[in-house]
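To start, the structure itself, in structure tokens.
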Amino acid sequence: MKIVILGAGQVGRTAAYQLAREEANEVTVVDTNEALLRDLQDRLDIRTVCGNASFPTVLDAAGAREADILVALTSSDETNMMACEVAYTLYRTPTKIARIRSPEYTRHPKLFSAEALSVDVWISPEQLVTEYIERLIRYPGALQVLDFADGRVRLVGLGARKGGLLVGQALRNLKAHIPNTEARVVAIYRNGRSVLCKGDTVIEDGDEVFFLAAKDDIKRFMAEMRKEEKPVHRVVIAGGGHIGYSLAKQLEKSNQVKVIERDSKRARKIAENLEHAIVLEGDAADEELLIEENIDSCDVFCALTNSEESNILSAMLAKRLGASKVMAL
């Protein structure tokens, strides 16, 4: 399969590494940074082309005319969309995938319909992360929450705890404990090993239990597995980038949200677009700032900057200062 990847950033490099592993794939990577391309070519058996990813001459040189798939993963939404449009119009590239980051585009799915832009599949890693974090906040105590059937059904993982009514009970008793609910245990992990889910399987304290349930039944099921945790009210978000801003926008109507952003220009911009959330200009790793903002009464602290090191440090600091729960990107 002939694959053209546009963009040699973190996402583009990861895609190149994964796809180049398959011997049947012929991978070409396009970027404007020659140093990044040289580094990739030294590590992988791929072709590289240096140039603007949306230019027809560059796409032609990259093999878009013969490509089976074009994956546009540059840091520019506009470049990604235009590259897909050019690839389809000039070369009829069969499958075109684009990374779209800005909510200004993703909130309008009609833009990516068959009658509109020539984008067959659009992906938004930032939106996926935002939605994932939001679901964890909505269901305190959950280890994982994944959507199926457009969110009507969810897979939830949680730790069973002593005091939960289903702890010490066999799976066959599930319906008796929670009548009129649509839920099924699909996996149990005990001491790092999977346990076969049969009718006589007993849920034990400390088990990681994964269940499928209708969206409206999730909290009832969770309450049977462990003492119900208090709902989240106060959320502090470190970082006002795409993910931090989107999460604040999602949560601000139902939660008390504060966003800490060190870049003054970015802080002003997101403050203008958020209706209820409070935006603070500062460093989330500033201990005095966190104390001043009563981090010890915070239910969830989310470190969502572009720096993994900063996220880890600020999350550790917030936890030490009394935040109930911390998350780091």
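The values are calculated or read from the model by the stated rules, or taken from the named source; none is laboratory data. Source: prediction; values computed, not measured. Heads up, the Cβs are rebuilt from the backbone with ideal geometry, glycines too, and the neighbour counts pull from every protein chain shown.
Can you spot a residue in the range 220-227 that is touching a helix residue (DSSP H, G or I) at 6+ places or on another chain (Cβ under 6 Å), surrounded by 15 or more Cβ atoms within 10 Å (Cβ to Cβ) and of a type in the set (Gly, Ala, Ser)? No: zero hits.
The residue that is nearest to residue 180 (Cα to Cα), counting only those in the range 228-249 that are buried (at least 18 other Cβ atoms within 10 Å of the Cβ) and touching a Pro at 6+ places or on another chain (Cβ under 7 Å), is 232.
Screening the candidates 196, 174, 158, 166 for the property of being within 14 Å of residue 221 (Cβ to Cβ) and free of Cβ contacts under 8 Å to residues at least 40 places away in the same chain yields one hit, 174. Checking each residue of the range 203-221 against the condition of being within 30 Å of residue 322 (Cβ to Cβ), of a type in the set (Gly, Ala, Ser) and not in a loop (DSSP other than H, G, I, E, B) gives no match. In the range 129-142, the condition of being free of Cβ contacts under 8 Å to residues at least 60 places away in the same chain, surrounded by 13 or more Cβ atoms within 10 Å (Cβ to Cβ) and in a strand (DSSP E or B) is met by no residue. Looking only at residues of the range 102-127 that are at pLDDT below 85 and charged (D, E, K, R), we find that the one that is nearest to residue 63 (Cα to Cα) is 115. The number of residues in the range 56-102 being of a type in the set (A, V, I, L, M) and without any contact (Cβ under 8 Å) to a residue 24 or more places away in the chain comes to 1. Scanning the range 158-176 for residues that are surrounded by 13 or more Cβ atoms within 10 Å (Cβ to Cβ) and assigned to a helix (DSSP H, G or I), we see that the one that is modelled with the highest pLDDT is 171.
Answer with yes or no whether residue 46 is under 17 Å from residue 83 (Cα atoms) and crowded, with 18+ Cβ neighbours inside 10 Å. Answer is no for this residue. Checked across the range 234-242, the condition of being on the phi > 0 side of the Ramachandran plot, assigned to a loop (DSSP other than H, G, I, E, B) and touching a residue at least 12 places away in the same chain (Cβ under 8 Å) holds for at least one residue. If we keep just the residues of the range 177-197 that are β-branched (Val, Ile, Thr) and part of a strand (DSSP E or B), which is surrounded by the fewest Cβ atoms within 10 Å (Cβ to Cβ)? Result: 186. Residues that are touching a Phe, Trp or Tyr at 6+ places or on another chain (Cβ under 8 Å) and surrounded by 17 or more Cβ atoms within 10 Å (Cβ to Cβ) do occur in the range 60-67, at least one of them.
The condition of being buried (at least 19 other Cβ atoms within 10 Å of the Cβ) and outside the structural domain of residue 315 (by TED's automatic domain parsing) does not hold for residue 200. Answer yes or no as to whether residue 154 is buried (at least 19 other Cβ atoms within 10 Å of the Cβ), within 30 Å of residue 249 (Cα to Cα) and among the charged types (D, E, K, R). Here the answer is yes, as residue 154 does meet what is asked.
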